[in-house]
1. Please verify whether residue 181 is assigned by TED's automatic domain parsing to the domain that holds residue 103 and at pLDDT 90 or above, treating the condition exactly as stated.
2. When the residues of segment 65-100 are filtered to those that are in contact with a helix residue (DSSP H, G or I) (Cβ under 7 Å, 6 or more places away or on another chain) and more than 19 Å from residue 124 (Cβ to Cβ), which remaining residue is surrounded by the fewest Cβ atoms within 10 Å (Cβ to Cβ)?
3. Within segment 722-736, restricting attention to residues that are in contact with a helix residue (DSSP H, G or I) (Cβ under 8 Å, 6 or more places away or on another chain) and assigned to a loop (DSSP other than H, G, I, E, B), which residue is farthest from residue 585 (Cα to Cα)?
4. Do we have residue 276 as in a strand (DSSP E or B) and surrounded by fewer than 17 Cβ atoms within 10 Å (Cβ to Cβ) here?
5. Whether any residue in segment 491-507 is over 20 Å from residue 631 (Cα atoms), outside the structural domain of residue 333 (by TED's automatic domain parsing) and at pLDDT below 80 is what I want to check.
6. I'd like the residue in segment 233-247 that is touching a strand residue (DSSP E or B) at 6+ places or on another chain (Cβ under 8 Å) and in contact (Cβ under 8 Å) with a residue 24 or more places away in the chain and, out of all such residues, is surrounded by the most Cβ atoms within 10 Å (Cβ to Cβ).
7. Check whether at least one residue in segment 330-337 is touching a strand residue (DSSP E or B) at 6+ places or on another chain (Cβ under 7 Å), in a loop (DSSP other than H, G, I, E, B) and surrounded by 19 or more Cβ atoms within 10 Å (Cβ to Cβ), and report yes or no.
């Protein structure tokens, strides 16, 4: 508890005694100054005296930084951790003979020795014969019209004006000019656009030219706060936790630390671990470690001839060095590659498979490389043709390398006969016409093939034959799954086994139960399912219909289901079994991908498809956490008696829409309701039917209504966030994502189907392309007035 200086004399005396004996930086021989003036004797580091603010929050004086090295600094005095917020001489450490004094002419001088000719190390030359040096309660050191708030080093304090000032990190590599962060002088890597910072308030709010943003502990009174430019180049706000007796980070400017220039060295790639919030520097293929942060080529690149080099694809890798890039508008991938090969100083190029012709040549140096799925493009790294390394940065865009060879054979010419010249001319003319037509159509096909080959290879479109899925024999399935020994899942439609086909592809084999119809009917339904192509749908590669068995062969999605990541139970037996915690950006991408997939099933397929069982267990995650919806279209394969139970109830309890228990017709809005519940679970990290800390009885508990009250009545979105990553929630970076997800979920779980949006509109709401008005509070459908 802090005592106010206006307390009674007895209370003040008690406070002084407690403070005197408990403060680790207070010694019996230490002299306390309230001010320092021209009549005060010269001050040197050996005198053991400090200058205190009125309530002893801050202290100023000589601090020993090493054995015989001192800085004249300002630090927090009331807390057990000595935290420096300003230094007069950060770049010029002093020895024990240094002196601080006010000359007869009123000049405040900090010199390395007592010699009158020694240089003045004070930040600026100031003269004022009638002024004294004193420390204000807000940490501002004042002498005449000079003060430390106008000359900050690496820290801003509450109420300190930021406009017009600069910060420099302790190692001198980074600086900040109230709007932009720079590395090595003028290399900018983060900016607040046209919204420069103005001041850090005591409440944890930061005012800007055209707005404001809040730290995560905004509004907590009595907190000690500071904004600092750390030596890793990130700007952070720290808040002192009295109970834990340490500083905690409540805001940071850069969330993806790898985008800070200088985190890794030349030719190196920065990797960011979201679970530990740590970075590491790795070398791309064809390179080896030079220093802890830089890499060098194993084989020098010979760029005089394009044939002496080749390109290795690095998925989701970006090299964003300033001044060594050339933006181009390429007509195709081959055109972009040729532009790089024609330049001797081109070290690689960035290409995006979205049809926009995005092509960037990386010239001279490979600087500031980092890996992130958010880059959305591939870096093609130029290496010597003798290099044997293969790319270790492969994502979902290159899971399969396939090709569609085209072979054209011409018929053998007829044997010569004694026909007339006229017949020879006719036959030759027809043959020439067919040949010319064939060449023309082949040229047209080849032109289209070159244009779309790379895009098809990226998304793996070649694996599906045009006429339908492949039909496997039961013996092939049995051999692929090693006699069904590796069981990886179980669902309402049957058990799932992991297998490996003869061509090396890893697959997931689903053995269906209680499937209706003949082999021909089953083949027809499976063909319809196989024609549903979408980035966020699990791909069906084939099937088996033999001896009454019904089996589907899907692509294998390695990371398992979304439910395994959201609902992990502790403790976990082995650290290897623990799944990483999904950050807010990945959760948003998962929600948007699932919405687009369901919208495709509802609105874009040739045949209208209802999923009927949307839940986290039916959402699988790839290597880069790209979501893939499974079990779509299978409801059409089940026997009628298996799908019709009490009140025609279908799906998984906890995720079904109200109309399943009523006589209302079933429409795509039933899937919309289930998706809304899943969306809330993605935000909260818990099952929607688990009872949270609430006064509502368990039989009256309804998770969406509880979440609605927390967000729209109490205005406290933190209460519904997943507690495992709540500390990483940044109102400036994540509020828009989480707000759209919560509002969209509330619209999806409205009781009446006509009040819910279509899945196409749900996807647009998540994208932010349509305005979302405040929804009505959802109700428990079996307790509503209807």
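The values are calculated or read from the model by the stated rules, or taken from the named source; none is laboratory data. No experiment lies behind these values; they were computed from the predicted model shown. Cβ coordinates were reconstructed from backbone atoms using ideal geometry, including for glycine residues, and neighbour counts include every protein chain displayed.
1. no
2. It comes out as 96.
3. 722
4. Judged against the criteria, residue 276 is not a match.
5. Within segment 491-507, none of the residues are over 20 Å from residue 631 (Cα atoms), outside the structural domain of residue 333 (by TED's automatic domain parsing) and at pLDDT below 80.
6. It comes out as 233.
7. Yes, segment 330-337 has at least one match.
Matching residues to (1) assigned to a loop (DSSP other than H, G, I, E, B); (2) over 25 Å from the mean Cα position of the chain (by Cα):
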residue: 181; (1), (2): no, no
residue: 185; (1), (2): yes, yes
residue: 207; (1), (2): no, yes
residue: 219; (1), (2): yes, yes
residue: 223; (1), (2): yes, yes
residue: 231; (1), (2): yes, no
residue: 236; (1), (2): no, no
